[in-house]
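The values are calculated or read from the model by the stated rules, or taken from the named source; none is laboratory data. These numbers come from a predicted model, not from an experiment. For neighbour counting, all protein chains shown are included, and Cβ atoms are generated from backbone atoms with ideal geometry for every residue, glycine included.
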2 protein chains.
Amino acid sequence: MSASPHALRLQQAVLRPVRGHHAFEACVEQLATAIRLGVYQRGTQLPAERELAEQLGVSRATLREAIAALRAAGLVETTRGRGGGTIVQRRPARRASVARRAIRGRQADLLDALDFRSVVEPGAAALAASRELDDATRTVLSESLEAVSAAPSGEDHRQCDSRLHLAIAAASGSTRLMAAVTQAQADLDEMLHAIPVLRPNITHSTAQHKSIVRAILAGRPTTASRVMTEHCEDTAALLRGLLG
Amino acid sequence: MSASPHALRLQQAVLRPVRGHHAFEACVEQLATAIRLGVYQRGTQLPAERELAEQLGVSRATLREAIAALRAAGLVETTRGRGGGTIVQRRPARRASVARRAIRGRQADLLDALDFRSVVEPGAAALAASRELDDATRTVLSESLEAVSAAPSGEDHRQCDSRLHLAIAAASGSTRLMAAVTQAQADLDEMLHAIPVLRPNITHSTAQHKSIVRAILAGRPTTASRVMTEHCEDTAALLRGLLG
DNA sequence: TAAAATTGGTATGAACTCCGACCATTAAGA
DNA sequence: TCTTAATGGTCGGAGTTCATACCAATTTTA
């Protein structure tokens, strides 16, 4: 029995590279992304090597190579002894020219990333809204919202924005959605740095954020999903025009 | 500066194991899943080793170990020479008892999988409906729908069902959504085998499938999403009750 | 002040993975 | 029939990654 054309299509789509070869590179990317998105803010300390290695599921030797790369890139600094550790030094100074080169020839992939985001972020918001959130989570959402509203435009605003979206995903309680949103935010961040939009409508964006968080806290999944969809689509429309 | 509780939460959620070490195991799992979901049907031939190795992003040596494991498990048979290759021999004979053991203590993870599915499958359906689909894709969707409608209940029906859902995801044109739906179907398949639902309402399910495909072919994203959401929730409600 | 604890730094050998080249087998085509 | 081509089978060396120690530096604490 030979495979039908239909089967062939599925097979090519289902089978995916098993691994982004080199655990080392994957570690560098995860940590650099976490720093870029503001998960680890400037001046804060990374977990101890042994702990971080366990979280990432790699040996300490491999993690150390990754940290060495971050150190060489000037992203972190390391001190020894008790109370020492690896400290986030500054955000990667990504020049727009470098960022533009990084996205060259990846239009299709980036458009895919925008589509993916428009699916998972509203889904995460809706799920978060359908949960009984504990006080700690509610506080995190409120504080994240406040932070992004208060932050000036630019790099800081972008990081606060990421943190809010990640906080919403975390509030959904879904590990898978959290991973999906993290990926979406990383892709989005890359695009926003490659294509510096002159003056994003932060006022509008902030209003949407408020509306989303309010819907989540009030337990209104439909509203949360709808507004988040609009929010994602606004950004996507902007970027799609500049990617073409 | 020390990390706030909020930051700690994000950090633990964002950082994820870099890989399920052992490319070998990952290959076995991907191939076994593809066979279980009916991507490779019984009697069909897997791609040549060199080709498959490239698709999976591993060396031929590693892929061969994975195939050897599948062969040892009786899932495939291999012949040499031109026209030879590795042929899918039979579906894994998973006994319910074994499947039940596999999901023991994973309730939270499986509930997560159901939530994730209810996000990505409707999203994929909506996206597919918003595309200008070419004739080949339209044909695939129609044929997949027919196959699942025609299949009797049981293992065959389950495979056809998976294939339809994967075909819809493929029609969305999004690599990321395709991967997400593949993962969702794999998780779902595991649950359905562990918890053999006596008599799923196949009539109802088939009506939903028809409605979804019709909406996609007619270019109605909202309808496609809504019906797919209902479709996923029906299954999820059934399984949630049996997982608690 | 000295001991304890915690952190990063180093080293070694085993296991895994990769790559490339070559061999053996078999079916298709000239 | 004979040649060609495609397939799986085998081998060896190089590079990664891992696990497990142990060392060094520094702060905390008794």
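Is it fair to say A:Ala179 is in contact (Cβ under 8 Å) with a residue 24 or more places away in the chain, within 13 Å of another protein chain (Cβ to nearest Cβ) and under 11 Å from the mean Cα position of the chain (by Cα)?
Details: in contact (Cβ under 8 Å) with a residue 24 or more places away in the chain: no; within 13 Å of another protein chain (Cβ to nearest Cβ): yes; under 11 Å from the mean Cα position of the chain (by Cα): yes.
So A:Ala179 does not fit the description; no.
The criterion of being within 17 Å of B:Leu243 (Cβ to Cβ) and under 19 Å from the mean Cα position of the chain (by Cα) does not hold for B:Ile168. When the test is whether a residue is within 16 Å of DNA strand C (Cβ to nearest atom) and either within 14 Å of chain B (Cβ to nearest Cβ) or under 22 Å from the mean Cα position of the chain (by Cα) (or both), A:Leu70 passes it. Only one of the numbered conditions (1) away from DNA strand D (no atom under 16 Å from the Cβ); (2) closer than 18 Å to A:Thr33 by Cα is not met by A:Ala69, and that is (1).
B:Gly83 satisfies every condition listed in (1) surrounded by 12 or more Cβ atoms within 10 Å (Cβ to Cβ); (2) within 10 Å of DNA strand D (Cβ to nearest atom) except (1).
Within the bounds of region A:175-191, is there any residue that is under 14 Å from A:Arg158 (Cβ atoms) and surrounded by fewer than 18 Cβ atoms within 10 Å (Cβ to Cβ)? Checked region A:175-191: no residue is under 14 Å from A:Arg158 (Cβ atoms) and surrounded by fewer than 18 Cβ atoms within 10 Å (Cβ to Cβ). Only one of the numbered conditions (1) part of a helix (DSSP H, G or I); (2) over 25 Å from B:Arg176 (Cα atoms); (3) more than 10 Å from DNA strand C (Cβ to nearest atom) is violated by A:Ala113, and that is (2).
Determine, yes or no, whether A:Arg60 is within 13 Å of DNA strand C (Cβ to nearest atom) and more than 17 Å from A:Gly38 (Cα to Cα).
Numbers: within 13 Å of DNA strand C (Cβ to nearest atom): yes; more than 17 Å from A:Gly38 (Cα to Cα): yes.
Yes; evaluated as a whole, the condition is true for this residue.
Every listed requirement among (1) closer than 26 Å to A:Asp112 by Cβ; (2) touching a Gly at 6+ places or on another chain (Cβ under 9 Å) is met by B:Cys160 save one, (1).
Give the residues of region A:133-171 that are away from chain B (no Cβ under 12 Å), of a type in the set (S, T, N, Q) and surrounded by 14 or more Cβ atoms within 10 Å (Cβ to Cβ), sorted by residue number. Listed by number, the list holds a single entry, A:Ser149. Within region B:27-52, the set of residues being within 11 Å of chain A (Cβ to nearest Cβ), within 10 Å of DNA strand D (Cβ to nearest atom) and surrounded by fewer than 20 Cβ atoms within 10 Å (Cβ to Cβ) comprises B:Gln45, B:Pro47, B:Glu51. On the basis of being facing chain A (nearest Cβ under 7 Å), modelled with pLDDT of 90 or more and either over 23 Å from A:Arg16 (Cβ atoms) or more than 16 Å from DNA strand C (Cβ to nearest atom) (or both), does B:Ala13 make the cut? Considered against the rule, which asks whether it is facing chain A (nearest Cβ under 7 Å), modelled with pLDDT of 90 or more and either over 23 Å from A:Arg16 (Cβ atoms) or more than 16 Å from DNA strand C (Cβ to nearest atom) (or both), B:Ala13 comes out as no.
One residue stands out in region B:99-117 among those that are within 15 Å of B:Cys232 (Cβ to Cβ) and more than 8 Å from chain A (Cβ to nearest Cβ): the one that is nearest to the chain's Cα centre (by Cα), namely B:Arg117.
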